[in-house]
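The block underneath contains the structure these notes are about, expressed in structure tokens.
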Protein chains: 6
Amino acid sequence: MTSDPSRIALFPGTFDPITNGHLDVVRRAKGLFDELVIAIGTNPAKVDLFSPEERRAMIQQIADAEDLPVTVETYTGLTVDFARKRGAKVILRGLRSASDLAFEFQLALTNRAVADIETVFILSGESHGFTSSSLIKQIAAGGNIDRLSRLLPAQVIDAMKDRMDRIRQIAHTNDAHTQGT
Amino acid sequence: MTSDPSRIALFPGTFDPITNGHLDVVRRAKGLFDELVIAIGTNPAKVDLFSPEERRAMIQQIADAEDLPVTVETYTGLTVDFARKRGAKVILRGLRSASDLAFEFQLALTNRAVADIETVFILSGESHGFTSSSLIKQIAAGGNIDRLSRLLPAQVIDAMKDRMDRIRQIAHTNDAHTQGT
Amino acid sequence: MTSDPSRIALFPGTFDPITNGHLDVVRRAKGLFDELVIAIGTNPAKVDLFSPEERRAMIQQIADAEDLPVTVETYTGLTVDFARKRGAKVILRGLRSASDLAFEFQLALTNRAVADIETVFILSGESHGFTSSSLIKQIAAGGNIDRLSRLLPAQVIDAMKDRMDRIRQIAHTNDAHTQGT
Amino acid sequence: MTSDPSRIALFPGTFDPITNGHLDVVRRAKGLFDELVIAIGTNPAKVDLFSPEERRAMIQQIADAEDLPVTVETYTGLTVDFARKRGAKVILRGLRSASDLAFEFQLALTNRAVADIETVFILSGESHGFTSSSLIKQIAAGGNIDRLSRLLPAQVIDAMKDRMDRIRQIAHTNDAHTQGT
Amino acid sequence: MTSDPSRIALFPGTFDPITNGHLDVVRRAKGLFDELVIAIGTNPAKVDLFSPEERRAMIQQIADAEDLPVTVETYTGLTVDFARKRGAKVILRGLRSASDLAFEFQLALTNRAVADIETVFILSGESHGFTSSSLIKQIAAGGNIDRLSRLLPAQVIDAMKDRMDRIRQIAHTNDAHTQGT
Amino acid sequence: MTSDPSRIALFPGTFDPITNGHLDVVRRAKGLFDELVIAIGTNPAKVDLFSPEERRAMIQQIADAEDLPVTVETYTGLTVDFARKRGAKVILRGLRSASDLAFEFQLALTNRAVADIETVFILSGESHGFTSSSLIKQIAAGGNIDRLSRLLPAQVIDAMKDRMDRIRQIAHTNDAHTQGT
């Protein structure tokens, strides 16, 4: 069956790792599209915590566990090029009320100008939608991963515990308060 | 045929009158939903320029002229109540990059909390997405309606020309620069 | 015992009615000050839902029920004048991440310039901090008050049920989506 | 001598009364234009504190006292119409860092779309650029006008002292903290 | 002829490359100043796509082609120091409605505090004012440069086609959606 | 004497160097807490201008000179971990009206979610609250340090003069206008 491209949406990100905020967006978008593709962007030049394939498997497992109707795929290169290849006309983004809106708008308007891709925004849930993956890695590097339990799925917390060395290596053990005020 | 409620969306507003910015949102949302209802809210206590029925007819005529697949309806009362009655689970809003985001987010989160209605945001087009209906009425009251031709559909401009007395009556002949700086 | 004025804080508002968002701010501020005064501003020219004394009694009852160490008082006139009279040097405000920050900052800087009163901001809780009292009255006027149960304390919902006529009278039965987009 | 219209700028507002923030913008714009017109918009339907002519005389006196090279004029109707009549192609606005930017941008883009008038923004000075005339009237209504001495020119404070009855009449003796949180 | 320094403005940036958004600002500022200097900042430590001299020549050619009355110059060091050397008292910046305003304001206030340089803001045109040079390089690295035709002058697109190797080298072939959500 | 943890506040940052904006926040917070700890975060991986111990001594000297009742300490690792170790339940942050609020809110909500630490915001003073330490280092690298006299305490300016080589080494002699517009 081929879908109308306006009914296929990409939800792009690095998802390294996926957070409760990301999952909240996926749950709220349930039913909005014929197909929702969680599109894991991979950046060879960037040091990652989990490999693209590990991320894919982890997200697929979480989606299966709660029966979320999504496809999980990895890609390299531009998101708009992957969208065209996948036959999608829509990008889904979760807006946190404390998001960097200027950045999101610039991205959405550029994707429209260069590839006629529309971006559809949905507000992420209030209680866990505010934290970025990089903030999470900073906190994890501090040691006590269990305190991230409100922000991350249990599967991700377990996987992170097995990878403490790498976390400490890629996130310095200090935090955003000391990035240069 | 009954649709999945997640595929029926309301696009609510007063539309007094509809602007190119509103139409731009409708065009961009084309194909995103099974049914898109332009929902004209009516407020008995408020002095309007065009009656609800006039607005409905005007929008229907514009939609027909360019074959926009929308339903146009009027309602009174709460938008979330009309959504439930219409079997819709989604509200569509056009975000202007210069929108009052705090207000939009508050509305969206409240509609979610009281009625489990999700709000989906789409960026309105850059070139005519910035002007509100009330600003337009202020300018029209100044006299020269043709200068609104970049901001309003031709049908609306024609209809406004026939109603200059009423425009002058409901919008004082001065503007937002003198609302109290 | 007299306190250092820097340790007495006012939490001003109309509280007509008090919401879970307001209460969340009060709970989070617990312990921050020697005395926290919930200061109910009264405006003779404005039609209110509950009288100042009714609001005072309702808030006092809620505070007593969960042992919140606050004083509840009503005042007329400028907040900075009431602060001086009460011996307070600090105003407490809850910032919603979707607040009108420009307005809050203007108010805080003005209060500093005219009365040397500092304003201290605290983020209100994500899950119920987003709704204003006026939005709540609009929704209540639509009829089904119980759907406000995530946003209001049970005592307030009960009190509102006894006052449906007045709610309908002061809040038109329609909503912010139709205030003029 | 006739000037290039791009070198004639309007600085529009109600200026009821003019504040130190307004004057700061005028001082900073000194030399930027061939002619700077302080354009006092008048709104017959609005209750004002000082009449348009009183405002004009007060601003002229202040400008003369410190040799500010400005023209002070009153107008009715749309600002863009007055700009055309005055041969000006530019509107000057002071941005407060806590300004309502969404509103300013909407106004600027609308003025461009309907009249090809460009708006030029300048940041108002940090120390007194934050307060609106309406906030000032609220505070004045509280009684002690001298505490506004950081926010208003001395001439304005004197003029306000002679008009306490009117101030109390148009601004209720309470403040923005009690406008409905 | 020597000009009043308040009539000489710098429009600073890296312009690597210049975009339609930049050109739009220059066109709108036409006539506002006696002299407008497009000031190409050069950063020895940063890998650039076009050399400062290539950028200067490219911009000069575009300005000549449409008779834009500008001077195009390169500089190193602080912008405020170059302004003083050039006898300019004004910096011109294009605000995109989705700009990083906090950053722009901080810069403008700092330039005022350390060098008495005023910054004048103008809104860039809606239809192509939103994209940064770095976003453009990311997209170009994806391959199909012609899709940038709404965002870049034709001369720039041609020059970029001759430099695909360098573009791929300095911008990784992936995009902002995968920078770390 | 042991204090209530709600009365001990951390004011975290790198303070490399401390600015008048930081000091303004400290002065305004005077009296608000039983103990205010200026907490100097240290990041072994980051090149600093002054060593943690130099920063501690410089801040202590400034605080002593004007009798500011603060404790000055250095720490490594997460701010929330240092807060717990110090027995503090509150983080104090200065909001500049042009701050990156999205970033501040994200940080505050994360600190609440992972460690039940509340963040209390205070507006920094208008006249010197806008400049970041990194912007200051850029300007200093341009040569003339005395022009920073409105932004930095005299002690810091003196200390920077003795360290011009290092400043030039860590901050390239160009500025934010040429970071990539």
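Charge tally around C:Asp158: other residues with Cβ under 14 Å, Lys/Arg +1 each, Asp/Glu -1 each, net -1. Quick one: work out the % antiparallel among DSSP beta bridges in chain F, nearest 5. Beta bridges within chain F, antiparallel portion: roughly 0 percent. For C:Ala154, the distances from its label point to the matching points in the remaining copies are 3.0, 6.4, 6.4, 6.4, 7.4 nm, ordered from shortest, with each point set 7 Å beyond Cα toward Cβ. For chain B, a Gaussian network of Cα nodes joined below 10 Å ranks B:Glu73, B:Glu35, B:Glu54 by mean-square fluctuation, and the top entry is B:Glu54.
Chain A versus the axis that turns it onto chain B: the residue with the nearest Cβ and the distance in whole Å amount to A:Phe121, 2. Both radii come from the Cα set of the protein assembly as shown: Rg as radius of gyration, Rh as Kirkwood radius; their ratio Rg/Rh reads 0.94.
Comment: the Cα-to-Cβ extended label point of C:Ala45, at 7 Å, lies 1.8, 1.8, 5.8, 5.8, 6.1 nm from its counterparts in the other copies, nearest first. Per residue, the average separation of C-alpha pairs within less than 8 Å and at least 6 apart gives chain F a relative contact order of 27 percent.
Within region E:69-99, whose backbone N sits under 11 Å from a point 7 Å along Cα→Cβ of E:Asp48? Zone members listed by number: E:73-77. Inter-chain neighbour count for B:112-120: the average number of beta-carbon atoms from partner chains within 10 Å of each residue's beta-carbon is 6. Its DSSP H runs of at least 4 residues, each contributing -39,500 (n - 2.57), put the calculated 222 nm mean residue ellipticity of chain B at -11000 deg cm²/dmol, to the nearest 500. Amide H contacts of A:Phe11: A:Val37, A:Ile38, A:Ala39, A:Leu92, each under 5 Å away and 5 or more positions distant or on a separate chain (H built 1.01 Å from N in the peptide plane; Pro and chain starts excluded). Within the listed set D:Ser132, D:Ser124, D:Ser149, the residue fluctuating most in the Gaussian network model of chain D (springs between alpha-carbon atoms under 10 angstrom) is D:Ser149. Only one residue of F:Leu135, F:Leu32, F:Thr74 has its Cα farthest out toward the positive end of the dipole of chain F, where Lys and Arg carry +1 and Asp and Glu -1 on Cβ, and that residue is F:Leu135.
With the convex hull drawn over the C-alpha atoms of region D:5-129, the volume per residue is 105 Å³. Label-point distances for D:Thr76 to the equivalent site in the other copies, using a point 7 angstrom along Cα→C-beta, read 3.7, 3.7, 6.4, 7.1, 7.5 nm when ranked shortest first.
Rule-based calculations on the coordinates, nothing more; no lab input. Because the structure is a prediction, the values reported are computed rather than measured. Note that each Cβ is placed from the backbone with ideal geometry, even for glycine, and that neighbours are counted across all protein chains shown.
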